[in-house]
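Have a look at the structure below before the remarks.
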Amino acid sequence: MKALIIGAAGFVGGYLINHLSSDCGFEVCATKLCGEQIENENISVYDLDIMNKEDIILLLQKEKPQQIYHLAAQSSVSVSWDKPQLTADINIKGTINLLEAVRESGYSPKILLVGSGEEYGYVLKGEVPITEDTLMRPGNIYAVTKACQGMLGEVYARAYNMDIVMVRAFNHIGPLQSDTFVIADFCKQVAFIEAGKKPPVISVGNLDAKRDFTDVRDIVRAYSLLMQSGKKGETYNVGSGKAVSIRNMLDKILSHSKVKINIETDPKRLRPSDVPIIEADISKLCAHTGWKRNISIDDTIEDILEYWRNIAK
């Protein structure tokens, strides 16, 4: 079995490469942008700009993968406000280019379009846990483009009988994640405090919001299971199914710290929280694939801390 991962140079891509090649025994080929790096000698790597449909067609004709994982995206909410046209081009036009390239390539791979829990946006109190049928009220440009991507997938699956599965992935965490994300940021601060490179004070923002955190290694396993058992034209929530407050996550991180650390609220980190709780209903995912979480939050936190401790040495 051959799998193609489009946009594999990011946080999730590396874990998906390892899972498919090492755990599943797939032949993996992956794409990146020119200038990005993918350090893996066991796979084929190509430079690809999804703005160029003809290049996608040429790659498909050469490799003919049975599975295509579409990870390529402009995935920063803040960048989406600054560069809405770029975000729409990559996330919407890029997806259309991929779907059209597959349609014109003369064969029928299975395609996974990776969306985001951000698509649900302003979730009402009575709508938690969030099912796939919950009304989407996206609150930023990135979320709008991802919602559009999912709708495109549904249309192409229905109109052209293409085997496309959509996911809406909730917060995923793990080693190697950028410190622009809250859990990685907290773990980095703790590691640098332990190394004596930062005063024993951790800066925080809003700790009351509750979010659905899952280890990225469990996330990519869900993706591969959906490529086996996910139904054509269907959308699946991917998450843990349990919301945890940021405060609780911080307490867990501090419990693993080797030194005493004080907590200090940084006004620059405070953001209005329109949605106090986001929790995925993952019953559809579990029913169709048998997926369940294998890695506990505590184990994930330990792994993230060790990653940052090695950097802080």
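The values are calculated or read from the model by the stated rules, or taken from the named source; none is laboratory data. Because the structure is a prediction, the values reported are computed rather than measured. Glycine also receives a Cβ, built like all others from the backbone with ideal geometry; neighbour counts cover every protein chain displayed. Keep in mind that these areas ignore ligands, DNA and RNA; they rest on the heavy atoms of the full protein, side chains included. Shrake-Rupley method; radii C 1.70, N 1.55, O 1.52, S 1.80 Å.
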- request: Would you tally the residues in the range 166-196 being surrounded by fewer than 18 Cβ atoms within 10 Å (Cβ to Cβ) and either touching a strand residue (DSSP E or B) at 6+ places or on another chain (Cβ under 9 Å) or at pLDDT 95 or above (or both)?
  value: 5
message: Being loosely packed, with under 11 Cβ neighbours inside 10 Å and either under 20 Å from the mean Cα position of the chain (by Cα) or over 20 Å from V204 (Cβ atoms) (or both) is the requirement here; does N262 meet it?
response: no
query: What about P199, is it modelled with pLDDT of 95 or more and either β-branched (V, I, T) or within 14 Å of the chain's Cα centre (by Cα) (or both)?
result: no
message: Please go through the range 90-101 and give me each residue that is out of contact with any Phe, Trp or Tyr (no Cβ under 8 Å at 6 or more places or on another chain) and open to solvent by less than 50 Å² (accessible area, probe 1.4 Å), ordered by number.
response: I90, I92, G94, T95, N97, L98, E100, A101
query: If P65 passes every condition in (1) crowded, with 16+ Cβ neighbours inside 10 Å; (2) in contact with a helix residue (DSSP H, G or I) (Cβ under 8 Å, 6 or more places away or on another chain); (3) touching a residue at least 60 places away in the same chain (Cβ under 8 Å) but one, which one does it miss?
result: (2)
Members of the range 284-313 found to be part of a helix (DSSP H, G or I), in contact with a Ser or Thr (Cβ under 6 Å, 6 or more places away or on another chain) and closer than 14 Å to D218 by Cβ, listed by number: T289
task: Look through the range 1-35, keep the residues that are surrounded by fewer than 24 Cβ atoms within 10 Å (Cβ to Cβ) and polar (S, T, N, Q), and return whichever of them is farthest from L59 (Cα to Cα).
output: S22
query: Hey, any hits in the range 41-51 for a residue that's touching a residue at least 24 places away in the same chain (Cβ under 8 Å), outside any helix (DSSP H, G or I), aliphatic (A, V, I, L, M) and surrounded by fewer than 17 Cβ atoms within 10 Å (Cβ to Cβ)?
result: yes
- request: Could you tell me whether D163 is within 27 Å of R217 (Cβ to Cβ), at pLDDT 95 or above and open to solvent by 40 Å² or more (accessible area, probe 1.4 Å)?
  value: yes
message: Being out of contact with any helix residue (DSSP H, G or I) (no Cβ under 8 Å at 6 or more places or on another chain) and either loosely packed, with under 14 Cβ neighbours inside 10 Å or in contact (Cβ under 8 Å) with a residue 12 or more places away in the chain (or both) narrows it down to one residue among L270, L250, L207, L225; which is it?
response: L270
message: I'd like the full set of residues that are closer than 18 Å to Y69 by Cβ, among the aliphatic types (A, V, I, L, M) and touching an Asp or Glu at 6+ places or on another chain (Cβ under 6 Å), limited to the range 99-134.
response: none
field: Subset of the range 118-177 [among the hydroxyl-bearing types (S, T, Y) and over 23 Å from Y15 (Cβ atoms)]
entry: Y120, Y122, T131, T134, T145, Y156, Y160
query: Among (1) small (G, A, S); (2) over 16 Å from the mean Cα position of the chain (by Cα); (3) buried (at least 16 other Cβ atoms within 10 Å of the Cβ); (4) over 22 Å from S80 (Cα atoms), where does S255 come up short?
result: (3)
- request: Assess whether F213 counts as being under 16 Å from V114 (Cβ atoms), touching a strand residue (DSSP E or B) at 6+ places or on another chain (Cβ under 6 Å), of a type in the set (F, W, Y) and surrounded by 17 or more Cβ atoms within 10 Å (Cβ to Cβ).
  value: no
- prompt: Limited to the range 68-85, what total is found for residues that are open to solvent by 30 Å² or more (accessible area, probe 1.4 Å) and in a strand (DSSP E or B)?
  reply: 0
- prompt: Quick one: is A72 within 16 Å of the chain's Cα centre (by Cα) and in contact (Cβ under 8 Å) with a residue 12 or more places away in the chain?
  reply: yes
task: Look at K268 and say whether it is basic (K, R) and either in a helix (DSSP H, G or I) or under 21 Å from A191 (Cα atoms) (or both).
output: yes
